[in-house]
Amino acid sequence: MIEDMLKVLFFFQLLFVPMRTITKHIMCNNHAVDMFYVLCDDNNHFSLSMDPCTSTWKEKVNFSMTFIPRMNVDIAYATVEVWKNALKISEGRYDLCTGIDDEFDFCGALKGETITGHKIRTLSALPFMEGTTIGKIRVFAGQKEELILCIDATLINKL
């Protein structure tokens, strides 16, 4: 009797507890490589694409990004961690916007303003090893250094 009652309570708890789903945003998926990212924060309005989806690291690739920030981007920096097989192989902090002679076009963007960017690159400069590599990217902005973008990007090199 008590066991049946616990089962019913557990069932109703599952029905009414909100579940968070994680959405993979696929950038590239072919016989040689899978590239995708997951947004760590549901409030991010961010998209990243790669064209063409290539498995040759010498081919030029067009990367396109769209982002709508939650706050003004006058001062911003990014932290990047690179993980390979559960081992952190690199980490760093990169100043993006300082308010003085900023290199990036998005510096000075206002809260709610759509930021777009395009870069054509070859991937040959990146050290791709077989297996899974994860990049954790966090972007902070403002005097209070609030998190405005959180991305976990995954590269699975099958060759």
Accessible area of PHE36, 1.4 Å probe, to the nearest 10 Å²? 30 Å²
Restricting region 54-87 to trypsin sites (Lys or Arg not before Pro) in coil, as DSSP defines it, with at most 15 other Cβ within 10 Å: LYS58
Residue separation times 0.36 nm, minus the C-alpha to C-alpha distance between ALA78 and GLU91: what's the value? 3.6 nm
List, in order, the whole-Hz ³J(HN,Hα) value for each residue of region 92-97 obtained from phi through the Karplus relation with A = 6.51, B = -1.76, C = 1.60 and θ = phi - 60°; use x for Gly and Pro. x, 10, 10, 6, 9, 9
Principal axis lengths of region 29-154 from Cα atoms, whole Å, largest first? 42, 30, 29
For VAL80, solvent-accessible area (1.4 Å; no DNA, RNA or ligand), Å²: 40 Å²
Amide H neighbours of ILE148 under 5 Å, counting only residues 5+ apart in sequence or on other chains, H built in-plane at 1.01 Å? VAL139, PHE140, ALA141
With every atom except the alpha carbons ignored, what do you get for Rg and Dmax of region 32-97, in angstroms? 14.8, 40
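The values are calculated or read from the model by the stated rules, or taken from the named source; none is laboratory data. Quick caveat: nothing in here was measured; it's all calculated off a predicted structure. Glycine gets a Cβ as well: all are built from the backbone with ideal geometry, and neighbour counts include every protein chain shown. Only protein heavy atoms, including side chains, enter the accessible area calculation; ligands, DNA and RNA are left aside. Shrake-Rupley method; radii C 1.70, N 1.55, O 1.52, S 1.80 Å.
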